[in-house]
């Protein structure tokens, strides 16, 4: 009668081991999922930064092209240059993409957006400039960059939403709290960047 | 987890009381198998995506998708053959899509999203291009994939639209415009991308997840108990064949379903288009209207 007891014991040990394996795999799976969602959000953030950088890189060329034709629009040009400098100075740590730092980044960039749309309105007064091949190319590059910004911002928001949703659900919320994962911020849709340039009577 | 644990404890108590252990251990093991597979099935993510106005990826896949019927049958087929030939040679996928209406969407967003959702271009190269024409809005857009946007810059796309598409479209020569644009695009991209020799041979990954390991563990338990129970002749025989068939089929089905979830989209052959490669788009390109 010794053998059956041994088998029963074996099964009990097995069951405990099974529960252990399950608990471990759930913890490990959740942690790994958090890490990969976090990395996704970071890599889409770097795409966001790339496309904004692309816009910053276009501006010196744009300014110098416009300068040649529109000598009397110094104020607008200075506005663009200043807004660019401001946008360049804002740096965000990709490990800390919380609502506050995203908002700070977005504010600096939308300042540049509105300065640029003012410039594009002013340009309408200079037919020679509008016919300039160099300017036309810059204009299409700028449009394409605005599209890229919209795309990458949306993708960033999508990855952040996926991350935040996962993070805030139970039981992930416990593990996330333990391991120091924090909620990330979104880009708010800002009216200035989305709207086509409109004429303002200031 | 908690109800399961309680269940286990209850079962264990029952077992220790009962002398006829072979019967109950087999039941316990099978019960566990059911519970574990239930948990496993529940762990699969629900694959649902938000619906949009973007047309579904054509099945069978085509590079010319003339939904607005701007081309006649033979024009469409000739153009498709050109695109397929170019894809075979360079792996670059240029998709031409015409639609009736954008339904209030921005054409740049529409074209980018279409390229993204259909996965035009090869995944590792990003060499996809979408030429989208909306008949109702009289607008067109060339969207460039991540790999093509450095060659087909936004300014270049604008030029193709203004030189090749708009003048022809204004006279209703859709076929001529699209062919010219293709010639222009393919000329610019020539030499940038090469077709991999014997590409699309996907490696199949064998994924072993914890639950498969648990099944293996149970087989081990069965095996050990059959050895321990060797003196007990009736059990040894009962447990042997029937249970190994049971576990064999259980394992077979678990591994089968694990590998069948891999993405398969390369069914075409011969002179037809094999399928989109999973390339992505980041919003590059330019548009115009006629």
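Residue pairs whose Cβ atoms lie under 7 Å apart, separated by 6 or more positions or on different chains, with the first residue in region A:141-168 and over 18 Å from residue B:106 (Cβ atoms) and more than 10 Å from every other protein chain (Cβ to nearest Cβ) and the second in a helix (DSSP H, G or I) and modelled with pLDDT under 90, are A:166/A:172; A:167/A:173; A:167/A:176. Of all residues in region B:130-162, those satisfying the criterion of being without any contact (Cβ under 8 Å) to a residue 60 or more places away in the chain and part of a strand (DSSP E or B) are B:131, B:132. Of all residues in region B:84-98, those satisfying the criterion of being surrounded by fewer than 21 Cβ atoms within 10 Å (Cβ to Cβ) and either touching a helix residue (DSSP H, G or I) at 6+ places or on another chain (Cβ under 6 Å) or within 15 Å of residue B:272 (Cα to Cα) (or both) are B:84, B:85, B:86, B:88, B:89, B:91. Considering only residues that are over 15 Å from residue A:154 (Cβ atoms) and either part of a strand (DSSP E or B) or at pLDDT 90 or above (or both), which ones fall in region B:104-113? Hit for region B:104-113 is B:107, nothing else. When A:8, A:88, A:76 are checked against the criterion of being under 30 Å from residue B:153 (Cα atoms), surrounded by 15 or more Cβ atoms within 10 Å (Cβ to Cβ) and in contact with a helix residue (DSSP H, G or I) (Cβ under 7 Å, 6 or more places away or on another chain), A:76 stands alone in meeting it.
Tell me yes or no: at least one residue of region A:2-12 is more than 10 Å from chain B (Cβ to nearest Cβ), at negative phi and modelled with pLDDT of 90 or more. The answer is no; no qualifying residue exists.
Applying the set (1) farther than 30 Å from residue A:173 by Cα; (2) part of a helix (DSSP H, G or I); (3) without any contact (Cβ under 8 Å) to a residue 60 or more places away in the chain to residue A:117 leaves exactly one unmet item: (3). For region B:217-238, enumerate the residues that are more than 11 Å from every other protein chain (Cβ to nearest Cβ) and at pLDDT 65 or above. Once the filter is applied, which keeps residues that are more than 11 Å from every other protein chain (Cβ to nearest Cβ) and at pLDDT 65 or above, region B:217-238 yields B:219, B:223. A residue that is more than 14 Å from chain B (Cβ to nearest Cβ), more than 30 Å from residue A:158 (Cβ to Cβ) and over 14 Å from the mean Cα position of the chain (by Cα) occurs nowhere in region A:13-25.
The values are calculated or read from the model by the stated rules, or taken from the named source; none is laboratory data. None of these values were measured; they are calculated from a predicted model. Heads up, the Cβs are rebuilt from the backbone with ideal geometry, glycines too, and the neighbour counts pull from every protein chain shown.
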